[in-house]
Amino acid sequence: MSITVQRAAHKLLASLPSALRIGRQTATRDRHSVPVTAPRTWTFTDRDSGETLTFTCMAGCTDDHREIRDGVAVADDVWCLKSLGELTLPINENGAPEELSVLRASMNVDPFDRRIAQRLPHIDLEVMDGAFIESLDPDGFATVINTLQGRLDEMRAMHADLVATRAAYIKQAQR
Ligand SMILES: [Zn+2]
């Protein structure tokens with residue numbers, strides 16, 4: 001299973017209604033709330049290597065790290081995250097419009113990843129349901145934002161054009 005698919009499943013779990021989840025971090029998952037506690041430090045035994053490992057959450061991490069508290073943690077599956085809330089649009093991918101996730105950004109840290117860059121806070125952007133741009137550093141994320149902003153500016157101009165063209169078209173049809 002790819003990291004992305006694992007993450008999607010993990011996020012699905014995190015998006016369950018709060019009543020279905022357990023843990024003291026539950027209340028901090030709301031997108032507008034700010035965790036009031038200092039970053040937590042965790043120590044666990046990696047189930048794969050038997051090693052005792054320690055890491056400290058990134059500031060604002062909303063993961064409850066339940067797998068560590070349950071004593072079944074595998075180092076590769078441990079990561080910190082904070083995400084923007086769900087944003088969906090009715091997209092027709094398979095013959096009929098359905099609400100699909102767009103532009104869901106998640107900030108992650110993988111404290112035990114073999115790629116050092118993954119151990120620093122970075123962005124994984126789910127462009128559309130299940131399709132990701134991964135491992136964006138601040139410059140990379142800015143590049144994506146600027147690209148999207150450029151397209152949004154073009155769409156704003158196209159909107160004005162649509163209003164004018166539509167009015168002219170209706171007028172011409174009424175002649
Ligand atoms: Zn964490």
Notebook entry, point to check: Within segment 112-168, can you find the residues that are under 23 Å from Glu99 (Cα atoms) and small (Gly, Ala, Ser)?
Noted result: Gly130, Ala131
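Would you check if there is a residue in segment 162-175 being assigned to a loop (DSSP other than H, G, I, E, B), assigned by TED's automatic domain parsing to the domain that holds Thr45, of a type in the set (Lys, Arg) and loosely packed, with under 10 Cβ neighbours inside 10 Å?
No, segment 162-175 contains no residue that is assigned to a loop (DSSP other than H, G, I, E, B), assigned by TED's automatic domain parsing to the domain that holds Thr45, of a type in the set (Lys, Arg) and loosely packed, with under 10 Cβ neighbours inside 10 Å.
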Next item on the list: Identify all residues within segment 93-130 that are of a type in the set (Asp, Glu), exposed (fewer than 13 other Cβ atoms within 10 Å of the Cβ) and not in a loop (DSSP other than H, G, I, E, B); write none if there are none.
Entry: Glu99
Next item on the list: Could you give me the residue pairs with C-beta distances under 6 Å whose first residue belongs to segment 57-71 and is within 9 Å of the ligand (Cβ to nearest atom), whose second residue is among the hydroxyl-bearing types (Ser, Thr, Tyr) wherever it lies, and which are 6+ apart or on separate chains?
Entry: Thr62/Thr28
Margin query: Every residue in segment 73-92 that is surrounded by fewer than 19 Cβ atoms within 10 Å (Cβ to Cβ) and charged (D, E, K, R), please.
Written below: Asp76, Asp77, Glu86
Next item on the list: Can you confirm whether segment 73-90 contains a residue that is at pLDDT below 95 and farther than 30 Å from Asp46 by Cα?
Entry: yes
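The values are calculated or read from the model by the stated rules, or taken from the named source; none is laboratory data. Every value quoted in this text rests on a predicted model; they were computed, and no experiment measured them. When we count neighbours, we look across all protein chains shown, and the Cβ atoms used for this are built from the backbone with ideal geometry, even at glycine.
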